[in-house]
There are 4 protein chains.
Amino acid sequence: MKIKIFTTGGTIDKVYFDDLSQYEVGKPRVREILETAKANITYTITEICRKDSIHLTDEDRAQIREKVAAEKSPLILITHGTDSMSLTAKALEGVSDDKVIVLTGAMNPYLFKQSDAPFNVGCALGALQSSEPGVYIAMSGRIFKASEARKNRGKKRFEKVE
Amino acid sequence: MKIKIFTTGGTIDKVYFDDLSQYEVGKPRVREILETAKANITYTITEICRKDSIHLTDEDRAQIREKVAAEKSPLILITHGTDSMSLTAKALEGVSDDKVIVLTGAMNPYLFKQSDAPFNVGCALGALQSSEPGVYIAMSGRIFKASEARKNRGKKRFEKVE
Amino acid sequence: MKIKIFTTGGTIDKVYFDDLSQYEVGKPRVREILETAKANITYTITEICRKDSIHLTDEDRAQIREKVAAEKSPLILITHGTDSMSLTAKALEGVSDDKVIVLTGAMNPYLFKQSDAPFNVGCALGALQSSEPGVYIAMSGRIFKASEARKNRGKKRFEKVE
Amino acid sequence: MKIKIFTTGGTIDKVYFDDLSQYEVGKPRVREILETAKANITYTITEICRKDSIHLTDEDRAQIREKVAAEKSPLILITHGTDSMSLTAKALEGVSDDKVIVLTGAMNPYLFKQSDAPFNVGCALGALQSSEPGVYIAMSGRIFKASEARKNRGKKRFEKVE
């Protein structure tokens, strides 16, 4: 079992510089998360972009879809910003009949003491290995189908679309 | 979707006192893990025991099986020490035809900076929501069937039994 | 021995919201730091302002000086942003002949796993209890006189002015 | 300014293995603490022993005193277990007329999320640079003279001897 991980940026990878700087998207943290958890899995990581997901364009999503389509591994994990994660998930629907694709990210940066990042990446991996082919979002401790998840900004969580 | 969580102790819940004390199993930490991750799930937690899993007896395992059998929710998460997690998983096989049962724990206590506990609980939750009925172990970033996992003490990880 | 703590904001108190928000100065964290360290000291905390120190004005500094002058405790700790900490320290010189005044802050927010905040507050407290009356800066593991410290932005540390 | 650091073990350096092991004293963590805090100081570290301080013998204390006496730097920081820290501090009294010697340690291991270790080491460094020659204990946010500190086990803190 080999897992392919694509990273696109988002809160999970946010870093901080100092008073004169802004909070920016840094290098992908998913490797640190897997190493700290001593995950006994085989994976490769490819960075597609490093953006706040509010700034992802249609071209970015087309590129993500292309990379996923071209990937040989049937198990694909994508780290992504939360604001447009649902959009990207929908843009990936139908990309493959035999791949399991799970998107995850974080409401609080990995570098924070209280980050949800390790929990979310774990949750995504659990779903990745247990699900039928399809596109899923693993956030807030839940596994949603691509078309069923939305971010509730006020409550800082993902919910099922009614 | 309502999840039932049973806790039994183990490294995940270990605490430290001071030079004159020993390292002991403390209160279950799974609630803190779910709250820090802002998990949007419904769950109840029942503490079955608070033991190092090397000290779990056949009576303890019988009691765990009884609790699982009597539980109405079809989604059951069990936190457990790592040393005899495989034994308990096997002891639970066949307990139900329609329940998904996932055991998890940690190689490093939740209270440690570098704990694998949040990642593992996330992984277990991801599998719980995506799997066919059966008994599973979620450790080291992998989802194992009950009879297929063993702890490799030297490498500090779970592996598939060959 | 009673210690007076004034807070003014800065990186030490920075929080993060989400992709659509910016990194902002939140509530003072010095109390959490002292409670986590189980500090056996008597103190009161007064929040003067909640600003990036690059935005502190002459009026803000006049107000800080006024509060320090009016304070009865001879031991005063001030948490402050790093960019203009030296300026405020100099503005406080001569405010009192019998008070020890120590400014500190952080290069990385308290909420980060890798924050220098607890170490710095500890360092400031150690100096506060051991120094002659005067104005000091406790940053980067060193105790500087007010006029002797400057921030080296490139090296992310405080240095002695040559 | 060059600081000499001696390490002797204690809770600050405790590590955890697994259910079958005990909690043991590991390698000194003071370097990690200083590096995380990006301390801009010059120091060398010498490990004297690696013991729970309840197991330190008169010979151990004689050896610590010898090392301190032979040391050229006038600024000496000692990391130590909490249970007999006061004993060692008293054993060091009179060792030198021109050295500042500060002992510190932790009530919770450095590897814990909620450790007091970085705060305590910071506190010790602040006192080290600001104090008259003598032997001091920096614990619980306070600077005690060697003969004035005692550990209150029940309250998990250091107090002034009445």
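The values are calculated or read from the model by the stated rules, or taken from the named source; none is laboratory data. Being a predicted model, the structure only gives us computed values, none of them experimental. Glycine gets a Cβ as well: all are built from the backbone with ideal geometry, and neighbour counts include every protein chain shown. When the accessible area is computed, the model is the full protein with side chains, heavy atoms only, and any ligands, DNA or RNA have been set aside. Shrake-Rupley method; radii C 1.70, N 1.55, O 1.52, S 1.80 Å.
Any idea what the dipole of segment B:35-162 comes to, in debye rounded to 20, about its Cα centre with Lys/Arg Cβ at +1 and Asp/Glu Cβ at -1?
It comes to approximately 500 debye.
Quick one: order B:Lys155, D:Lys151 from most to least accessible surface, probe 1.4 Å.
Sorted descending by solvent-accessible area, the residues read B:Lys155, D:Lys151.
Okay, helix-only estimate at 222 nm for chain D: each DSSP H run of n ≥ 4 adds -39500 (n - 2.57), divide by all residues, round to 500 deg cm²/dmol; what do you get?
Value at 222 nm, helices only: -7000 deg cm²/dmol.
Whole-Hz Karplus ³J(HN,Hα) for segment C:42-54, in order, using 6.51 cos²θ - 1.76 cosθ + 1.60 and θ = phi - 60°, x for Gly and Pro?
9, 8, 10, 10, 10, 8, 8, 7, 9, 10, 4, 6, 5
To the nearest 100 Å², how much accessible surface do chains A and B cover up together, summed over both, with a 1.4 Å probe?
Adding both sides of the contact gives about 2400 Å².
Tell me, Kirkwood radius of segment D:57-153 from alpha-carbon pair distances, in Å?
That comes to 13.4 Å for segment D:57-153.
At B:Glu24, with labels set 7 Å past Cα in the Cβ direction, how many nm apart are the copies from this one, shortest first?
Taking the point 7 Å beyond Cα along Cα→Cβ, the inter-copy spacings are 2.4, 4.4, 5.0 nm.
For the pair C:Arg50 and C:Arg153, what calculated FRET efficiency results from E = 1/(1 + (r/R0)^6), where r is the Cβ-Cβ distance and R0 = 22 Å, to the nearest 0.05?
0.45
Along Cα→Cβ, 7 Å out, is where each label goes; now give me the distance between the ones at D:Leu87 and C:Asp58 in nm to one decimal.
6.2 nm
Out of the total accessible area of segment D:9-162 (probe 1.4 Å, heavy atoms of protein only), what percent is carbon and sulfur?
Carbon and sulfur atoms account for 45 percent of the accessible area of segment D:9-162.
Nearest beta-carbon of B to the rotation axis carrying it onto C: which residue, how many whole Å?
Minimum Cβ distance to the axis, with residue: B:Lys113, 3.
Considering only protein heavy atoms, what per residue accessible area in square angstrom results for chain B with a 1.4 angstrom probe?
Using a 1.4 Å probe on heavy atoms only, each residue of chain B averages 39 Å².
Would you mind checking the tilt of helix D:117-128 against the longest principal axis of the Cα atoms of chain D, expressed as 0 to 90 degrees and rounded to 10?
0 degrees
Over the Cα atoms of chain C, what is the Rg over Rh ratio if Rh follows Kirkwood?
Radius of gyration over Kirkwood radius for chain C works out to 0.94.
Please label the shape of the protein assembly as shown as rounded, prolate or oblate, based on the square roots a ≥ b ≥ c of the eigenvalues of the alpha-carbon gyration tensor (a/c under 1.5 means rounded; beyond that, a/b larger than b/c means prolate, else oblate).
oblate
Express the C-alpha Rg of segment A:46-102 as a ratio against the empirical globular expectation 2.2 N^0.38 Å, rounded to two decimals.
In units of the globular-protein estimate, segment A:46-102 measures up at 1.05.
Output, in nm with one decimal and in ascending order, the distances from the B:Lys72 label point to the matching label points of the other copies (7 Å from Cα along Cα-to-Cβ).
Label point to label point, same position, other copies: 5.1, 6.2, 7.8 nm.
Run through segment D:28-113 and list the trypsin sites (Lys or Arg not before Pro) located in a DSSP loop whose Cβ has at most 11 other Cβ atoms within 10 Å.
Answer by residue number: D:Lys72.
Ranked from the most accessible area to the least, with a 1.4 Å probe and all protein chains present, what is the order of B:Ile78, B:Ile143?
B:Ile143, B:Ile78
Excluding same-chain residues fewer than 8 positions from B:Lys90, which lysines have a Cα within less than 23 Å of its Cα?
Cα-Cα hits under 23 Å: B:Lys4, B:Lys51, B:Lys67, B:Lys72, B:Lys99, B:Lys145, B:Lys151, B:Lys155, B:Lys156, B:Lys160.
By how many degrees, 0 to 90 and rounded to 10, does the Cα axis of helix B:58-70 deviate from the longest principal axis of chain B?
50 degrees
When a/c reaches 1.5 or more, the comparison of a/b and b/c decides; with that in mind, is segment B:1-80 rounded, prolate or oblate per its Cα gyration tensor?
It is oblate, given that a/c is not under 1.5 and a/b is not larger than b/c.
Starting from a label point 7 Å past Cα on the Cβ side, list the distances from B:Arg150 to the same position in the other copies, nm, shortest first.
5.1, 5.5, 6.5
If you count, for every residue in D:140-147, the Cβ atoms of partner chains within 10 Å of its Cβ, what is the mean?
That average works out to 4.
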